[in-house]
Amino acid sequence: MKPLNVLPFLLISLSLTALRAQEAVKDFRGISWGTSRTDMPFELKKADMRNQPELADLSLYRRPGEDLTIGTATLKNIYYGFDEKQRLNLVVLEGTPESNEDMEYILRQRFGKADGRVRQGGKFIRGWSVGRVDVVFTESRSKDYTVLLEANEDEDAFYEINTSIEDF
């Protein structure tokens, strides 16, 4: 192939990658954000979070028999969280050190470069804001990690209601 023919192909490929990275996160494994806990297409069991103080305040559920892989990344657990109206608004992925690099690669491919990166204590935290979903990758020194996907359903409703007023 001539060098001149490679440049257009490369530009198109990079453009498609950038577009893919900007796609909204509409659901997790086919379950839309805002789905009622009682309407979940599978059984959920309350998760005991005493061993994870950073997650202990959340009301999280696990799915028995869950596929604990995403791409080539192997997970320890997947937790589903619900807001005060019992709507799905949070998914927490708990990963193994062996799949840390795989998950980082997956997140970069899906969302592009992180919006921010901070070091907090012994942890590195990277985040992306993709439409109404925030994605946070937290990596510990041991290379264990968590990925939080949090949908902001109420922010969309707040915005829509308060930007379409006709009172004044």
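The values are calculated or read from the model by the stated rules, or taken from the named source; none is laboratory data. Source: prediction; values computed, not measured. All Cβ positions, even for glycine, are placed from backbone atoms using ideal geometry, and neighbour counts span all protein chains on display. The area values use the complete protein model at the heavy-atom level, side chains included, leaving out ligands, DNA and RNA. Shrake-Rupley method; radii C 1.70, N 1.55, O 1.52, S 1.80 Å.
Restricting segment 28-41 to residues that are assigned to a loop (DSSP other than H, G, I, E, B) and in contact (Cβ under 8 Å) with a residue 40 or more places away in the chain leaves a set whose member that is farthest from the chain's Cα centre (by Cα) is Met40.
Comparison of Arg119, Arg141 shows that the only residue that is part of a strand (DSSP E or B) and over 20 Å from Asp27 (Cβ atoms) is Arg119.
All of (1) open to solvent by 20 Å² or more (accessible area, probe 1.4 Å); (2) in contact with a Phe, Trp or Tyr (Cβ under 6 Å, 6 or more places away or on another chain); (3) touching a residue at least 60 places away in the same chain (Cβ under 8 Å) hold for Arg87 with one exception: (2). Identify all residues within segment 73-84 that are surrounded by fewer than 16 Cβ atoms within 10 Å (Cβ to Cβ) and in a strand (DSSP E or B); write none if there are none. Those that are surrounded by fewer than 16 Cβ atoms within 10 Å (Cβ to Cβ) and in a strand (DSSP E or B): Thr74, Lys76.
Among the numbered conditions (1) free of Cβ contacts under 8 Å to residues at least 60 places away in the same chain; (2) over 20 Å from Phe137 (Cβ atoms); (3) crowded, with 16+ Cβ neighbours inside 10 Å, the only one that Ile70 does not meet is (2). Just give me the residues in segment 28-67 being of a type in the set (Ser, Thr, Tyr) and crowded, with 16+ Cβ neighbours inside 10 Å, in sequence order. Within segment 28-67, Thr35, Ser59, Tyr61 meet the criteria.
Pairing residues of segment 42-59 that are on the phi < 0 side of the Ramachandran plot with residues that are hydroxyl-bearing (Ser, Thr, Tyr) and open to solvent by less than 100 Å² (accessible area, probe 1.4 Å), at Cβ distances under 7 Å and at least 6 apart in sequence or on separate chains, gives Leu44/Tyr61; Leu44/Tyr80; Lys45/Tyr61; Lys46/Tyr61; Ala47/Tyr61; Ala47/Tyr79. The single condition from (1) closer than 21 Å to Tyr79 by Cβ; (2) modelled with pLDDT under 95 that Asp134 fails is (2). For segment 85-95, the criterion of being under 20 Å from Ser32 (Cα atoms) and not in a strand (DSSP E or B) is satisfied by at least one residue.
Determine if segment 107-116 includes at least one residue that is farther than 16 Å from Leu148 by Cα and part of a helix (DSSP H, G or I). Yes, some residue in segment 107-116 is farther than 16 Å from Leu148 by Cα and part of a helix (DSSP H, G or I). On inspection, Lys123 does not qualify as in contact with a strand residue (DSSP E or B) (Cβ under 7 Å, 6 or more places away or on another chain), at pLDDT 95 or above and open to solvent by 70 Å² or more (accessible area, probe 1.4 Å).
When each of Glu98, Glu166 is tested for being modelled with pLDDT of 95 or more, farther than 20 Å from Trp33 by Cβ and exposed (fewer than 13 other Cβ atoms within 10 Å of the Cβ), the lone residue that passes is Glu98.
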